[in-house]
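Colleague: Here it is, the structure in full.
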Amino acid sequence: MDILIKNAVLRKSKGHTTDIAIKGGIISEISSTITEQAAETIDAKGKLVTESFVNGHLHLDKVYTLEKAGMDALNSYKSGTMGGAMTSIEQASRVKESYDEKWIIKNVRKALDLAVMYGNTHIRAFADTDTKARLEGVKAVLKARDEYKDKVDVQVVAFPQDGIARDPGAEDYIRQALELGADVVGGIPWIEYTEEDMQNHIDRMFALAIEYDKDVSMLLDDAGDPDLRTTEMLIKKTLKEGWEGRVTIQHARAMSMYNEVYYRKIEHLLKTARIGLVSDPQTGPLHARVKDLHNAGVSVALGQDDIADAYYPFGRNNMLEVAFLAAHIMQMTTYDDIDILYDLITTNAAKALGIENFELSVGNPANLVILDANNEVEALWNHEAPAAVIKAGVNITI
């Protein structure tokens with residue numbers, strides 16, 4: 001064996017300790033007592049051992065740019081019920097005029113070092129890819145993806161933040177980013193001015209996804225307007241193109257304002273299309289109906305979204321911290337709720353992003369954290385860095 005974890009408490013073990021054997025990057029055995037020798041033995045000391053953490057949404061090219069962007073966008077984004085969301089995006093885009101891979105990569109590395117520290121081994125990372133950012137951000141994130149591949153799986157999303165109809169030429173940059181190796185096709189159709197342009201945005205990005213055989217991840221309905229309907233548009237396109245299980249939605253904050261009949265239709269269609277949804281309740285005054293979606297069987301995840309950028313002044317790439325904040329914002333503070341929240345940063349988050357075989361089970365890749373906590377409640381309560389982080393069977397603890 002490569003690694004033997006002794007005296008681990010698993011989430012469903014009711015306090016009983018378990019040993020976990022890891023060989024060749026795979027969990028090879030889970031048993032009450034394993035006596036075989038290993039190259040490295042870690043005593044979990046009766047603390048909680050779980051799957052590592054998954055961050056379903058992070059604008060990685062923008063981390064630590066708040067000082068450059070100024071406070072205008074942040075003030076607009078937080079105003080009222082997000083009526084100024086479109087204005088904030090326009091204000092925040094100014095920082096991209098000075099985009100340069102050389103300074104962006106330094107910020108990206110800083111954020112990924114935090115990811116390793118906090119056991120965040122899988123990230124869906126958005127990088128603005130448009131006529132202002134050009135390819136500077138996406139090149140930095142792609143470079144970091146390769147540098148950190150043994151520590152963090154970074155899915156790079158080529159993201160037309162300023163729209164397609166509103167930003168002529170952005171589509172060409174998305175294509176170039178895919179040629180460079182971007183993993184996912186992004187989109188933000190709700191920002192377009194007309195419903196026709198919103199649908200065209202979705203159709204054109206989907207065409208690229210089909211051409212390059214890529215998954216799709218789009219920011220939808222991220223404003224306080226119950227009439228926004230790009231979530232429905234994307235679901236219909238997913239079903240039409242047979243892309244079920246390959247699409248993820250970020251935000252969908254307007255969902256919180258939908259009437260109940262329409263919400264129920266969207267809930268059913270999301271499940272039918274096997275679309276994952278990532279919510280970031282800590283970065284805006286509205287959020288999708290996370291608990292309802294989860295209970296309906298939709299693959300839901302939580303995301304960090306931003307780290308010290310024009311939309312959010314905090315963030316540590318710490319998914320336990322994100323879940324802690326979500327517990328308060330969404331009033332999910334019962335033990336059953338906390339169990340759900342923990343799923344939303346581990347197993348359910350993996351499903352939302354199409355990451356297979358993520359559960360802590362024999363035969364699956366060994367992506368694990370050993371926490372300094374006895375259970376999920378303590379883990380969220382303290383939201384501290386894990387005592388140990390294991391990525392693909394390798395101890396990467398900082």
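Read-outs throughout are calculated quantities, based only on the coordinates presented, and are distinct from any laboratory measurement. Computed from a predicted model, the values in this text were never measured in an experiment. FYI the Cβ positions are ideal-geometry reconstructions off the backbone, even for glycines, and counts take in every protein chain you see.
Colleague: For residue 143 and residue 33, what is the calculated FRET efficiency with R₀ set at 45 Å and r taken between the beta-carbons, to the nearest 0.05? Write down the numbers at each step before the final one.
Modeller: Working: r = 45 Å, r/R0 = 1.00.
So, using R0 = 45 Å, E works out to roughly 0.50.
Colleague: Let me ask you something else. Want the number for residue 296 to residue 94: 0.36 nm per residue separation, take away the alpha-carbon distance, what's left? Could you put the intermediate results ahead of the total?
Modeller: Working: separation 202, 0.36 × 202 = 72.72 nm, distance 4.03 nm.
Length gained between residue 296 and residue 94: 68.7 nm.
Colleague: What is the helix-to-structure angle for 335-344, meaning the angle in degrees between its Cα long axis and the longest Cα principal axis of the chain, kept from 0 to 90 and rounded to the nearest 10?
Modeller: 70 degrees
Colleague: Starting from the Cα of residue 193, step 7 Å toward the Cβ, then list every residue of the stretch 48-89 with an amide N under 17 Å from that point.
Modeller: Flagged as within label range: 86-89.
Colleague: Taking the Cα atoms only, what angle lies between the long axis of helix 230-241 and the longest principal axis of the chain, rounded to 10 degrees?
Modeller: Between the helix axis and the principal axis of the chain, the angle is about 80 degrees.
Colleague: Here's another thing I want to ask about it. What is the set of long-range amide H partners of residue 55 at a cut-off below 5 Å, with H atoms built 1.01 Å from backbone N?
Modeller: Close amide H contacts, sequence-distant or interchain: 122, 123, 124.
Colleague: Which whole-Hz couplings ³J(HN,Hα) result when phi for each residue of the stretch 213-224 is put into the Karplus expression 6.51 cos²θ - 1.76 cosθ + 1.60, θ = phi - 60°, listed in order with x for Gly and Pro?
Modeller: Per-residue couplings from phi come out as 6, 10, 6, 10, 9, 10, 7, 10, 6, 9, 7, x Hz.
Colleague: Ignoring everything except DSSP H segments at least 4 long, calculate the 222 nm mean residue ellipticity for the chain; use -39,500 (n - 2.57) per segment, divide by total residues, nearest 500.
Modeller: Numbers: 14 runs with 143 residues, N = 398.
For the chain, the value works out to -10500 deg cm²/dmol.
Colleague: Still on this structure: Leaving out same-chain residues fewer than 8 places away, which aspartates and glutamates sit with a Cα under 17 Å from that of residue 143?
Modeller: 61, 100, 101, 113, 128, 153, 179, 183
Colleague: I need 129, 231 ordered by Cβ neighbour count within 10 Å, fewest first.
Modeller: Values: 129 34, 231 25.
Least crowded to most crowded, the residues run 231, 129.
Colleague: Tabulate in residue order the Karplus-calculated ³J(HN,Hα) for the stretch 58-64, using 6.51 cos²θ - 1.76 cosθ + 1.60 with θ = phi - 60°, rounded to whole Hz; enter x for Gly and Pro.
Modeller: These are the phi-based 3J(HN,Hα) values: 8, 7, 6, 6, 9, 4, 6 Hz.
Colleague: If each residue's Cβ is checked for other Cβ atoms within 10 Å, how do 28, 299, 98 rank with the fewest at the top?
Modeller: Values: 28 20, 299 26, 98 11.
Starting with the residue having the fewest Cβ neighbours, the order is 98, 28, 299.
Colleague: Lysines near residue 68 by alpha-carbon distance under 21 Å, same-chain residues fewer than 8 away left out - which ones?
Modeller: Answer for residue 68, where 21 Å is the Cα cut-off: 78, 96, 102, 106, 110, 132, 139, listed by chain and number.
Colleague: What list of ³J(HN,Hα) couplings, whole Hz, do you get for the stretch 355-365 from phi and the Karplus terms 6.51, -1.76, 1.60, once you set θ to phi - 60° and write x for glycine and proline?
Modeller: 3J(HN,Hα) across the stretch 355-365, in whole Hz: 8, 8, 6, 8, 5, 6, 9, 4, x, 8, x.
Colleague: Now, a different point. Where a ≥ b ≥ c are the square roots of the eigenvalues of the C-alpha gyration tensor, would you call the stretch 53-352 rounded, which needs a/c under 1.5, or, failing that, prolate if a/b is larger than b/c, or oblate?
Modeller: rounded
Colleague: Give the range of the longest stretch in the chain that excludes all trypsin sites (Lys or Arg not before Pro) found in loop regions by DSSP and having at most 14 other beta-carbon atoms within 10 Å.
Modeller: Values: sites that count: 12, 14, 45, 149.
Counting only loop sites that pass the neighbour cut-off, the longest clear stretch is 150-398.
Colleague: Would you give the gap between the C-alpha center of the stretch 53-109 and the C-alpha center of the stretch 192-270, rounded to a whole Å?
Modeller: If you average the Cα positions of each part, the centres end up 22 Å apart.
Colleague: Report, by chain and number, residues whose modeled amide H sits under 5 Å from the one on residue 50, excluding near sequence neighbours (fewer than 5 apart, same chain).
Modeller: Excluding prolines and chain starts, which carry no amide H, the hits are 369, 371.
Colleague: Quick check on the exposure proxy: order 371, 10 from fewest to most C-beta atoms within 10 angstrom.
Modeller: Details: 371 23, 10 17.
Result, fewest neighbours first: 10, 371.
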